[in-house]
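What follows is a single structure, written as structure tokens, with notes after it.
The values are calculated or read from the model by the stated rules, or taken from the named source; none is laboratory data. Quick caveat, the model's predicted, so the values are computed rather than measured. As a convention, Cβ positions derive from the backbone with ideal geometry for all residues, glycine included, and neighbour counts pool all protein chains shown. Note: areas computed on protein heavy atoms with side chains; ligands, DNA, RNA excluded. Shrake-Rupley method; radii C 1.70, N 1.55, O 1.52, S 1.80 Å.
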Amino acid sequence: MTPSGAQREGRDESPEERADRRWNELLQEVRVAQTGVQILFGFLLTVVFTPGFASLGTTNKRIYVVTVLLGAATTGALIGPVSFHRLVTGRQLKPQTVTWASRMTLLGVVLLLATVASALLLILRIAMHNAAVPWVTGGLVAWLALCWFGLPAWARHRYAGRG
């Protein structure tokens, strides 16, 4: 309750406490994403050394290279918050660090979507060899985009006026 008797919404925390809480939440999110990205990227790095890689056509090799580059960019964006934090620790920049780390994490998730899309395209081209590949890939990418971006955007809009 506030002094006026109205019930207060939200948390009763200082800006520093809020930054600490947001930082800890962000770290948990990054840990989940990093694990998946590290597994995917590690797998992608080994593909070029398999015997079947030499038999890929030019287009599939190009898709592979793009996928590896996207995987590297994703890894950089999702590890970036840790490096950022380490380099500015002790300089009273926690709120700014949280903001920048959040932006890097969101960029990492966008890059992850592109990496997964590219990997799906390559794998399905090799596995299916037909005209359905772009449609299947597009459908799966649309599903991921809905889950990762569409539903959260809808919830932000739907519940914008509530605390």
- Count of the range 84-111 residues which are within 20 Å of GLU16 (Cα to Cα), open to solvent by less than 70 Å² (accessible area, probe 1.4 Å) and in a helix (DSSP H, G or I): 10
- Identify the residue in the range 30-60 that is among the hydrophobic types (A, V, I, L, M, F, W, C) and surrounded by 15 or more Cβ atoms within 10 Å (Cβ to Cβ) and, among all such residues, is farthest from LEU121 (Cα to Cα). VAL30
- Message: If the requirement is being part of a loop (DSSP other than H, G, I, E, B) and either more than 23 Å from LEU121 (Cβ to Cβ) or at pLDDT 95 or above (or both), which of these qualifies: ASP12, ASP20?
- Response: ASP12
- Message: Going through ALA117, ALA131 one at a time, which residue ends up being small (Gly, Ala, Ser) and either surrounded by 11 or more Cβ atoms within 10 Å (Cβ to Cβ) or in contact with a Ser or Thr (Cβ under 8 Å, 6 or more places away or on another chain) (or both)?
- Response: ALA117
- Could you list all residues from the range 134-163 that are open to solvent by less than 80 Å² (accessible area, probe 1.4 Å) and closer than 19 Å to LEU40 by Cα? THR137, LEU140, VAL141, LEU144, ALA145
- Query: Hey, does the range 53-60 have a residue that's free of Cβ contacts under 8 Å to residues at least 12 places away in the same chain, part of a helix (DSSP H, G or I) and touching a helix residue (DSSP H, G or I) at 6+ places or on another chain (Cβ under 7 Å)?
  - Reply: yes
- Is it true that LEU69 is open to solvent by 60 Å² or more (accessible area, probe 1.4 Å), modelled with pLDDT of 95 or more and within 30 Å of ASP20 (Cβ to Cβ)? no
